[in-house]
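*Asks:* Structure below; questions to follow.
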Amino acid sequence: MKIRDILKESRKPFPSLEIVPPMKGITNSQLIESVKPFMEFSPRYINVTCHRDEYEFRAEKNGTFSRHLVRNKVSEVAVCSAIMSAYDIDVVPHVICGGATADQIDNKLSDLKFLGIENIMALRGDCIVGEKRFVPEEGGYRYASELVEAICAFENGGDFFSIGVGGYPEKHFEAPNIETDIENLKKKVDAGADYIITQMFFDNKVFYDYVGRCRAAGIEVPVIPGLKPLTTARQVSLLPESFSIDIPLELTSEIRAAGDDREAVYRIGTDWCITQCKDLLAHGVPAVHFYTMGKAGNIVRILRECF
Ligand code: FAD
């Protein structure tokens, strides 16, 4: 079923779950076992992230260097296919502009259509190691809005895919200001995106302000909040660095006070997420998206308490 129809028809908010493809070497049944705990909550769909191929240069005996494709993870299409075969559930593979030409993306869309996958999360993707700014592939797309246009135009503009896009309550780190970022978000919606899933945030006020700004800018599609429970003390510095987000003083103080007690930190992160989730549900959000990182323990507790 298309996510846009699920969003239209659903009478109560539902959990939306995102997993990261596992490292190569895992078996199909291990993957299926890893998502099994989520099935207790009858999720409507599972998002599967997409990771850009990287290349490494290896020295040859003759003094030259050869370029080798390095792919450490199982592909998102393989993971989606395995989940669909094991469970009666929709999947949402992420498709990124990075590292792909328009033709390669069209071929991926063909594969997804062949598998009966009618949902896509369309993203630009991040820079690769060593790049300061995102560099599109020659003959590829520079912005997610161009990818959304291409998905909508696929096979002569059929209506096959329902498309989600990313939004940044604390602004995308490259955007000069939140207003410009929201103008750019609107381009994705105008190009055909059906809904927005936000970057993680730890202060709900930031999300409510963001939705208000989106509405004022004429963006009317559902905005699904993205949550990630903190699990380690290190994330207090890592997450702001990696995702350009703030972590409220109250949360960082609690975590600091827990010191080396890892269990306490994990509990604080989970409890904070439960409070956030309950408040979002009370404010009438259509769904709550969880960045699970493939780890079920804390997410299962949050879902049991909130849904
Ligand atoms: P865009 O919407 O293209 O925006 C990128 C920047 O360009 C922004 O600053 C925007 O303001 C600006 N911009 C957009 N259009 C224009 C324009 N026409 N002119 C000038 N500036 C413009 N990354 C992955 O690699 N794999 C994943 O699976 C993945 N999943 C994600 C899931 C979610 C829910 C979110 C929120 C992010 C995810 N990301 C993923 C990260 C994402 O790829 C990065 O944040 C990336 O840097 C931006 O992607 P985007 O699709 O938001 O880009």
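The values are calculated or read from the model by the stated rules, or taken from the named source; none is laboratory data. As the structure is a computational prediction, the values presented were derived from the model and not from experiment. Quick reminder, even Gly has a Cβ in these numbers, built from the backbone with ideal geometry, and neighbours come from all protein chains shown. Heads up: the accessible areas ignore ligands, DNA and RNA and are worked out on the full protein's heavy atoms, side chains in. Shrake-Rupley method; radii C 1.70, N 1.55, O 1.52, S 1.80 Å.
*Asks:* For Ala287, list long-range residues whose amide hydrogen, built 1.01 Å from N in the peptide plane, is under 5 Å from its own amide hydrogen.
*Replies:* Close amide H contacts, sequence-distant or interchain: Phe14.
*Asks:* Which of the chymotrypsin sites (Phe, Trp or Tyr not before Pro) found in the stretch 99-193 are loop residues per DSSP with 14 or fewer other Cβ atoms within 10 Å of their Cβ? Spell out each step's value before the answer.
*Replies:* Working: sites: Phe114, Phe134, Tyr141, Tyr143, Phe154, Phe160, Phe161, Phe173; in loops: Phe134, Tyr141, Tyr143, Phe160, Phe161, Phe173.
Counting only loop positions with at most 14 other Cβ atoms within 10 Å, the chymotrypsin sites (Phe, Trp or Tyr not before Pro) in the stretch 99-193 are Phe173.
*Asks:* Might you tell me the accessible area per residue for the chain, computed with a 1.4 Å probe and given in Å²? Please report the intermediate quantities before stating the final value.
*Replies:* Working: 15610 Å² over 307 residues.
With all protein chains present, the chain gives 51 Å² per residue.
*Asks:* Here's another thing I want to ask about it. State, to one decimal in nm, how far the label point of Val236 lies from the label point of Phe307, with both points 7 Å from Cα in the Cβ direction.
*Replies:* Spacing of the two 7 Å Cα→Cβ label points: 3.0 nm.
*Asks:* For the stretch 191-199, in order, what is each residue's ³J(HN,Hα) by Karplus, 6.51 cos²θ - 1.76 cosθ + 1.60 with θ = phi - 60°, in whole Hz (x at glycine and Pro)?
*Replies:* 6, x, 5, 8, 7, 10, 10, 8, 4
*Asks:* Can you compute 3J(HN,Hα) from phi for each residue in the stretch 47-54, using the Karplus curve 6.51 cos²θ - 1.76 cosθ + 1.60 with θ = phi - 60°, rounded to whole Hz and x for Gly and Pro?
*Replies:* 7, 10, 6, 10, 10, 5, 5, 10
*Asks:* Please name whichever of Thr49, Ala82, Asn177 sits farthest to the positive end of the charge dipole of the chain, dipole taken about the Cα centre and charges placed at Cβ: Lys and Arg +1, Asp and Glu -1.
*Replies:* Ala82
*Asks:* Under the classification rounded if a/c is under 1.5, otherwise prolate if a/b is larger than b/c and oblate if not, where does the chain fall, given a ≥ b ≥ c as square roots of the Cα gyration tensor eigenvalues?
*Replies:* Details: a/c = 1.32, a/b = 1.18, b/c = 1.12.
Judged from the Cα gyration tensor, the chain comes out rounded (a/c under 1.5).
*Asks:* For Glu137, what residues show an amide H to amide H distance below 5 Å, using hydrogens built from the backbone and excluding near sequence neighbours?
*Replies:* Residues meeting the criterion, in which the H sits 1.01 Å from N, are Gly99, Ala100.
*Asks:* Taking the Cα centre of the chain as the origin, how large is its charge dipole in debye, to the nearest 20, when only Lys and Arg (+1) and Asp and Glu (-1) carry charge on their Cβ atoms?
*Replies:* Values: 36 positive and 44 negative charges, 93 e Å.
Once rounded to the nearest 20, the dipole reads 440 debye.
*Asks:* I've got another one for you. Select from the stretch 237-307 those trypsin sites (Lys or Arg not before Pro) which occupy a DSSP coil region and have at most 12 other Cβ atoms within 10 Å, ordered by residue number.
*Replies:* Details: sites: Arg256, Arg262, Arg267, Lys278, Lys295, Arg301, Arg304; in loops: Lys295.
Loop-located and lightly packed - none at all.
*Asks:* Okay, next question. From the backbone phi of the stretch 237-245, what are the Karplus-calculated ³J(HN,Hα) couplings (6.51 cos²θ - 1.76 cosθ + 1.60, θ = phi - 60°) in whole Hz, Gly and Pro given as x?
*Replies:* Values per residue, Gly and Pro as x: 9, 5, 5, x, 5, 7, 10, 6, 10 Hz.
*Asks:* What is the set of long-range amide H partners of Lys73 at a cut-off below 5 Å, with H atoms built 1.01 Å from backbone N?
*Replies:* Long-range HN contacts for Lys73: Lys24.
*Asks:* Ranked from the most accessible area to the least, with a 1.4 Å probe and all protein chains present, what is the order of Thr180, Thr292?
*Replies:* Numbers: Thr180 40, Thr292 5 Å².
Descending order: Thr180, Thr292.
*Asks:* Sticking with this structure for a sec: Using the alpha-carbon centroid of each, what span in Å lies between the stretch 233-260 and the stretch 1-74?
*Replies:* Answer, in whole Å: 26.
*Asks:* With a 1.4 Å probe and all protein chains left in place, how much of the accessible area of the stretch 3-306 comes from carbon and sulfur atoms, in whole percent?
*Replies:* On the way: 7590 of 15420 Å².
Carbon plus sulfur share of accessible area: 49 percent.
*Asks:* With the Cα gyration tensor of the stretch 1-160 giving a ≥ b ≥ c as the square roots of its eigenvalues, does the rule (a/c under 1.5 for rounded; else a/b larger than b/c for prolate; else oblate) give rounded, prolate or oblate? Intermediate values should be presented prior to the final figure.
*Replies:* Numbers: a/c = 2.28, a/b = 1.41, b/c = 1.61.
In terms of gyration-tensor shape, oblate.
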